[in-house]
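The values are calculated or read from the model by the stated rules, or taken from the named source; none is laboratory data. Since the model is a prediction, treat every value here as computed from it, not as a measurement. Heads up, the Cβs are rebuilt from the backbone with ideal geometry, glycines too, and the neighbour counts pull from every protein chain shown. For accessibility, only protein heavy atoms count, side chains too; no ligands or nucleic acids. Shrake-Rupley method; radii C 1.70, N 1.55, O 1.52, S 1.80 Å.
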Amino acid sequence: MIRFAMMRHGHTEWNRAGRIQGRTDIPLDDQARADLAGFCLPEDWRHADLLASPLSRAQETARIVAGREPDTAPELIEMDWGDWEGMKGGDLRADPLSGFRDIEQWGWDYRPPNGESPVDVWTRLEPWLFSLSRDTVAVCHIGTMRIVLARAAGWNFDGPAPFRIKRNRLFVVEISDQGLRVATPDIRRLDMVAQ
């Protein structure tokens, strides 16, 4: 069995403005860098393999929190939001012609215009996840994390999610020959850096 811990990158200007980032390479903002400098990986995760999405916000988050350079994995890149990247979710939600849906109504086949569906993201992640050979920390994105956690928890984007993804936490799943499952404990807070 392999433990796989996912962490969401720190805030960016677009996060704070409510803009959909997707694959647009928006860097961390200065406040995120300062906040992240107060955290480090829990002791039992410090020697795990460290991977990050190819996007700079994930790589920089990994460097700050782990104190070392991550390897990059293209499979960890954020879900492609297509034509909606850079737009505000609230504006799309307010436009009845946009086709925007809240996550609880997606299903696995929901697709933004010219973007990816959850099943598309899972198709790229599944073979990569099951090829891991050591405990791994991955700094990535909320969309990528949702897909892995949905598969592990058996949630089909059909009603309230059985998890809530917050920052500065590791969300842990176990990978084995029997498949993917939510680990116990499933969430670990990052340690505070000693002052």
Treating only the Cβ atoms of Lys and Arg (+1) and Asp and Glu (-1) as charged, compute the dipole magnitude of the stretch 71-195 about its Cα centre; round to the nearest 20 debye. 540 debye
Trypsin sites (Lys or Arg not before Pro) within the stretch 31-130: which are DSSP loop residues with at most 16 other Cβ atoms inside 10 Å? ARG46, ARG68, ARG101
Listed residue (LEU170, ILE147, LEU190) projecting farthest to the positive dipole end of the chain, Cβ model: LEU190
Dipole check, the chain, charges on Cβ (K,R +1; D,E -1), about Cα centroid: among GLY90, TYR110, ILE64 the Cα furthest to the positive pole belongs to ILE64
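To the nearest 20 debye, what is the magnitude of the charge dipole of the stretch 1-83 about its Cα centre, counting +1 on the Cβ of each Lys and Arg and -1 on the Cβ of each Asp and Glu? Show your work: numbers first, answer last.
Working: 10 positive and 15 negative charges, 34 e Å.
It works out to roughly 160 debye.
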Tell me, in nm to one decimal, what length is gained between ARG181 and ASP30 on full extension, where the rule is 0.36 nm per residue of separation less the Cα-Cα distance? 50.8 nm
Rounded accessible area per residue of the stretch 46-195, 1.4 Å, Å²: 49 Å²
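Counting DSSP beta bridges with both partners in the chain, what percentage is antiparallel, nearest 5?
60 percent
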Sorted from largest down, what three extents in whole angstroms do the Cα atoms of the chain have along their principal axes? 50, 43, 26
Just the number, please: carbon plus sulfur as a percent of the accessible area of the chain, 1.4 Å probe, no ligands or DNA/RNA counted. 47 percent
Extension length gain for ALA153 and LYS88 (0.36 nm per residue less Cα distance), in nm, is 20.5 nm
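Once the Cβ-Cβ distance between ARG63 and ASP95 is put in as r, and R0 is 41 Å, what FRET efficiency do you end up with, to the nearest 0.05?
Result of the calculation: an efficiency of 0.60.
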Taking a label point 7 Å from the Cα of ALA37 along the Cα→Cβ vector, which residues of the stretch 1-30 have an amide N closer than 14 Å to it? 29-30
Rounded, prolate or oblate: pick one for the stretch 1-85, where a ≥ b ≥ c are the square roots of the eigenvalues of its C-alpha gyration tensor, a/c under 1.5 means rounded, and failing that, prolate if a/b is larger than b/c, else oblate. oblate
Quickly estimate the mean residue ellipticity at 222 nm for the chain, helices only: each DSSP H run with n ≥ 4 gives -39500 (n - 2.57), and the total goes over all residues, rounded to 500. -7500 deg cm²/dmol
Using 0.36 nm times the number of residues separating GLN105 and ARG189, minus their current alpha carbon distance, what extension gain do you get? 27.3 nm
